[in-house]
Amino acid sequence: SRGKGLTAVPFLSSLPTPHLPAVVFGLPSVWAEEACTRTCPAACACGSTERGCSVRCDRAGLLRVPAEFPCEAASIDLDRNRLRFLGERGLPRLLRYLHARTFAALSRLRRLDLASCRLFTVPERLLAELPALRELAAFDNLFRRVPGALRGLANLTHAHLERSRIEAVASSSLQGMRRLRSLSLQANRVRAVHAGAFRDCDALEHLLLNDNLLAELPAGAFVGLRRLRTLNLGGNALGLVARAWFADLAELELLYLDRNSIAFVEEGAFQNLSGLLALHLNGNHLTVLAWAAFQPGFFLGRLFLFRNPWRCDCRLEWLRDWMESSGRVSDVRCAAPGSVAGLDLSQVAFGRSSDGLCVDPEELNFTASSPGPFPEPEATTVSRFSSLLSKLLAPRVPVEEVANATEGPLNSSLSDSLFSAGVVVSGHSTRFLLGSGLLLSVAQRVVFVLHVN
């Protein structure tokens, strides 16, 4: 760079003329490698790649951004340093200030990595003179708002701003970003997305807003995103799904609404999403989902509905039928009515009234197993236990006398068994009878406790 490559000219003049084109074509790579390493900042590693000069300053313990970079730099990595500010106002005893034109000479820079630098701000003009910049990685910082330096970056295609404590996406935050294809704002503190915030991002294909603090969205939150294919709103605090949110998203393929507090889906909310491959509504507070939410479109993708407190009445009969016919929905566990609680919706049988209308399982008193017309009384277990004790405590009698005795009923009481045994075996000792009486009282006490319990 800076014309120093011309020192090789005397060498060129000494070569035979027929070989000159081959030598000239081979020299630029040598010059590029030399130019890349000659002005490499201290504590950084520089090397030539297919896309140009790569400058790696990650994990270098930098308190300030180096004052000079190779002009041929196509990639600069400042990941995991101790930078705090990129601007003319900073921490005067810790940093030298980075002027807004620090990267002005890097016209070939395609990727800039400022991740994990704990930056509070980025000067608005810092990236304005990087016409080749395509990707910005600035996650794990302390921005609190979308950096103003992104405005007007017409050639930027990928922006990674996750985990940077951003609290809002204003209507002017992404102005002029016509070629942006992927934007990650996940795991921030976003509470508000202003109407029209993505209006200029008509090339956007992937938008990640998951794991933030969104409780509501304006009707025009995603207006203009006609090419959007992935929208992740999972892990927020949304309470409903509004019909107006997805009106422009005709190309949407993946929609994540999981891990919210959604209890209601407006009619026609998904009506334009005919190309949807997967809809995630799991982990919400849904008790019912109306077929009208999908009309007049026809949803063909997979539907994830697990971990919701579903009320499996006739309003979900359409869903059960769709589960059986399409095989694209599973694991819809019923929480109510009580007669079907714990069953999967696919196991619920809906009856019909005389006029052909659906009858809720609650009215049918549907259960998984019918006990029969004459259920066994509750005291049966106690009676059987009493009978067992009677047989165990009854005194043994000689075989010849037992042969002459009449067999008593199975559910005879303990006292009757002992009394009968006392008549037949009149010669037994009084000590045995007293011991048997003591055991009888203990057994009766156990039977009484079991009956109460």
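Before moving on, here are some points about what is shown:
- Count Lys and Arg as plus one, Asp and Glu as minus one, and take only other residues whose Cβ is under 13 Å from that of ALA203; the net charge is then +4.
- Separation of the ARG82 and ALA215 label points, Cα + 7 Å toward Cβ, nm: 4.0
- Net charge of neighbours whose Cβ lies under 14 Å from the Cβ of ASN308, counting Lys and Arg as +1 and Asp and Glu as -1: +2
- With coordinates expressed along the principal axes, the C-alpha atoms belonging to the range 137-277 extend over 40, 26, 23 Å, beginning with the largest.
- FRET E, pair ALA132, LEU300, Förster distance 41 Å, beta-carbon r, rounded to 0.05: 0.50
- Reported value for the range 240-299: 68 Å³ per residue, from the convex hull of its C-alpha atoms.
- Radius of gyration over Kirkwood radius for the range 107-208, both on Cα atoms: the Rg/Rh ratio is 0.92.
- Surrounding net charge for GLU251, when Lys and Arg each add one and Asp and Glu each subtract one, Cβ distance under 15 Å: 0
- The Cα atoms of the range 206-247 cover 25, 20, 11 Å along the three principal axes, with the biggest extent listed first.
- The three principal axes of the Cα atoms in the range 297-349 give end-to-end lengths of 33, 20, 17 Å, sorted in falling order.
All of the numbers you see were taken from the coordinates with simple rules; none came from a lab. All figures in this text were calculated on a predicted structure; none of them were measured in a lab. Using ideal geometry, Cβ is built from the backbone for each residue, glycine included, and neighbour counts are taken over all protein chains shown.
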